[in-house]
Amino acid sequence: MDTVPSYTFSETASPVLVMCGMQNQYFSKEGLEKLKNELSERTDIKRPEIAHRIKEAKEQGDLSENAEFDAAKEAQSINEGRIEEIRQILENAVVIADGAKSGGVVVVGSTVKADAGKGPKQFVIVGVTESNPSAGFISNESPLGKVFLGHKKGDTVEVRTPRGVEQYKILEVK
């Protein structure tokens, strides 16, 4: 179990979150650490910097035409919104297990080598927040990620794309 101040991350889905309609957010250990670091930076560094900017702008006097005050308040709003967003994500965070432990079945965290007739490509199935399709990291909620889940080496899956239906033969799962 990973912990940070006031947040606990489990390897399993929380029935309470499911009942409340909140979806789990899947992360690699590295991706979760990156998000925790962003939260820490926003609360420990950016928040005080913005508060200082607001204080300085207030000391200039009339706030009705103070562009620096308006800019600082806008920065504060954006920062606080992102802090809240990160906290909600962390409350629903599930650390994905190593895909190698899946018994050869594609799960979140698996690396899949597949061929759609244009040469083999490698994909890593990740949670939405870590997806980067151009780098081969596809979301478990993407059309391709969804069809890979639950399949194994040798299976052929079909995915609907804007260009029509494509078939992928799964060559390897790790």
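The values are calculated or read from the model by the stated rules, or taken from the named source; none is laboratory data. Fair warning: this is a prediction, and the values are worked out from it, not measured in the lab. A quick note on method: Cβ atoms are made from the backbone with ideal geometry, for glycine too, and the neighbour counts reach across all protein chains shown.
Which one of these does Arg53 not meet: (1) modelled with pLDDT of 80 or more; (2) of a type in the set (D, E, K, R); (3) exposed (fewer than 12 other Cβ atoms within 10 Å of the Cβ)?
Condition not satisfied by Arg53: (3).
Can you pull out every residue in the stretch 155-169 that is part of a loop (DSSP other than H, G, I, E, B), at pLDDT below 95 and more than 25 Å from the chain's Cα centre (by Cα)? Please lay out each step first, then the result.
First, pick out the residues of the stretch 155-169 that are part of a loop (DSSP other than H, G, I, E, B): 155, 162-163.
Subsequent filtering for residues that are at pLDDT below 95 retains 162-163.
Result: Arg163, single match.
Please specify each residue of the stretch 128-154 satisfying the condition of being part of a helix (DSSP H, G or I) and farther than 18 Å from Lys174 by Cα. Walk me through how you get there before you give the answer.
At the first step, the residues of the stretch 128-154 found to be part of a helix (DSSP H, G or I) are 128-130, 133-135, 143-148.
Across the stretch 128-154, the qualifying residues are Val128, Thr129, Glu130, Pro133, Ser134, Pro143.
Give the stretch 15-31 a look and list any residue that's surrounded by fewer than 11 Cβ atoms within 10 Å (Cβ to Cβ) and at pLDDT 50 or above, or say none. Give the steps one after another, and end with the answer.
Here is the first cut: in the stretch 15-31, the ones surrounded by fewer than 11 Cβ atoms within 10 Å (Cβ to Cβ) are 15-16, 19-21, 30.
Across the stretch 15-31, the qualifying residue is only Glu30.
Does the stretch 85-103 include one or more residues that are in a helix (DSSP H, G or I), in contact with an Asp or Glu (Cβ under 9 Å, 6 or more places away or on another chain) and assigned by TED's automatic domain parsing to the domain that holds Glu30? Break it down into steps so the answer makes sense when it comes.
Of all residues in the stretch 85-103, those in a helix (DSSP H, G or I) come to 85-91, 99-102.
So of that shortlist, the ones also in contact with an Asp or Glu (Cβ under 9 Å, 6 or more places away or on another chain) come out as 86.
Pick out the ones that are also assigned by TED's automatic domain parsing to the domain that holds Glu30 and you get 86.
Checked the stretch 85-103: at least one residue is in a helix (DSSP H, G or I), in contact with an Asp or Glu (Cβ under 9 Å, 6 or more places away or on another chain) and assigned by TED's automatic domain parsing to the domain that holds Glu30.
From the set of residues in the stretch 23-50 that are free of Cβ contacts under 8 Å to residues at least 40 places away in the same chain and polar (S, T, N, Q), which is nearest to Ala93 (Cα to Cα)?
First pass over the stretch 23-50, keeping only residues free of Cβ contacts under 8 Å to residues at least 40 places away in the same chain: 30, 33-34, 37, 40-41, 44-50.
Next, only the ones that are polar (S, T, N, Q) stay: 37, 40.
Values: Asn37: 14, Ser40: 16 Å.
Among those residues, the one meeting the criterion is Asn37.
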